[in-house]
Amino acid sequence: MKKAIIIGATSGIGQEVAKCLLLDGWQIGVAGRRQSALENLQRAAPDQIQIQALDVTQEDAGEKLNMLIDKVGGMDLFLLSSGIGFQNTNLNMEVELNTAYTNVEGFIRMVDTAFIYFRKSGGGHLAVISSIAGTKGLGVAPAYSATKRFQNTYIDALEQLSYLQKLNIRFTDIRPGFVATDLLNDGKHYPLLMDAAKVGRHIAWSLERKQRIVVIDWRYRILVFFWKMIPRWMWKRLPVKTN
């Protein structure tokens, strides 16, 4: 039976992917900060779900991830769906630093723990949910876009490391655009907003096929294509709505 660990599945995209995997018969370990939310999720499928409360920004998160892997009895797929992001044109320092703590420090802690496990176990599939925001630096959300670029590059580096060490690890970098989740429930207007359930199904389909880079959906694939072509002098002059 296939076994997956999902960090950040108590709501949003991670939860929608978990639902898809459960329907496909996977055994799942779910981690998140809120014990009550984890317990509510487990009640939906107690025979298939194991839970573990953890905070990716805390030093013991790696140890707790390994505890969850033991509860499930192994791990074939690791999916990191835990991250934060805010529009922050005033450059509130606490917002910027907290974003970095979660999306960089927490990201490294979780992804490296999964990589080390797969190295010891003989291989597996390591997947993360980053964002199309990593394509270019977004003036309305500096820390968010920068940390997402970091995540893209880090997975590239781990893929090369895996190859150099002759490991059997596959990688998937999932880059959605705006998705209707609690993360974007801040009263601001977000264009091309996507349904979380639909995005979850797309991700599950992509994970099954072990696709390397997944941009969701087709509208955002077109947008990213043109974003990459915009020169720096023009990019910095583009007007961006903040509300």
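The values are calculated or read from the model by the stated rules, or taken from the named source; none is laboratory data. Quick caveat, the model's predicted, so the values are computed rather than measured. All Cβ positions, even for glycine, are placed from backbone atoms using ideal geometry, and neighbour counts span all protein chains on display. The protein model used for the area step is the full one, side chains on, heavy atoms only, and it has no ligands, DNA or RNA in it. Shrake-Rupley method; radii C 1.70, N 1.55, O 1.52, S 1.80 Å.
Rounded to whole Å and ordered largest first, report the semi-axes of the equivalent ellipsoid of the chain derived from its Cα gyration tensor (root of 5λ). All intermediate terms of the calculation are to be shown ahead of the outcome.
Details: eigenvalues 167, 78, 63 Å².
That gives 29, 20, 18 Å for the three semi-axes.
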Residue-averaged [θ]222 nm for the chain, counting only DSSP H segments that reach four residues, each worth -39500 (n - 2.57): -14000 deg cm²/dmol
Give the angle, between 0 and 90 degrees and rounded to the nearest 10, that separates the Cα long axis of helix 12-23 from the longest principal axis of the Cα atoms of the chain. 40 degrees
Accessible surface of the chain [probe 1.4 Å, protein heavy atoms]: carbon and sulfur percent: 54 percent
For the stretch 33-42, in residue order, the Karplus 3J(HN,Hα) values (coefficients 6.51, -1.76, 1.60; θ = phi - 60°; whole Hz; Gly and Pro = x) are 7, 9, 4, 4, 5, 5, 5, 4, 5, 5
Nothing charged except the Cβ atoms of Lys and Arg (+1) and of Asp and Glu (-1): what's the magnitude of the dipole of the stretch 1-234 about its Cα centre? Round to the nearest 20 debye. 800 debye
Can you work out the PRE-style zone for residue 105? Point 7 Å along Cα to Cβ, and I want the residues of the stretch 20-62 with backbone N under 19 Å. 32-34, 54-62
Beyond a 24 Å Cα-Cα separation, which of these cross-linked pairs lie in this structure: 148/236; 71/166; 3/64? 71/166
Taking every pair of Cα atoms in the stretch 75-188, average 1/r, invert it to obtain the Kirkwood radius, and report Rg/Rh to two decimals. 1.02
What is the stretch 94-243's relative contact order, in percent, from Cα pairs under 8 angstrom and six or more apart in sequence? 24 percent
For residue 172, list long-range residues whose amide hydrogen, built 1.01 Å from N in the peptide plane, is under 5 Å from its own amide hydrogen. 126, 127, 128
From phi via Karplus (6.51, -1.76, 1.60), per-residue ³J(HN,Hα) for the stretch 61-75 in Hz, x at Gly/Pro: 5, x, 4, 5, 4, 5, 4, 5, 4, 5, 4, 6, x, x, 8
Projected area, mean over directions - the stretch 22-77, Cα convex hull, nm²: 3.9 nm²
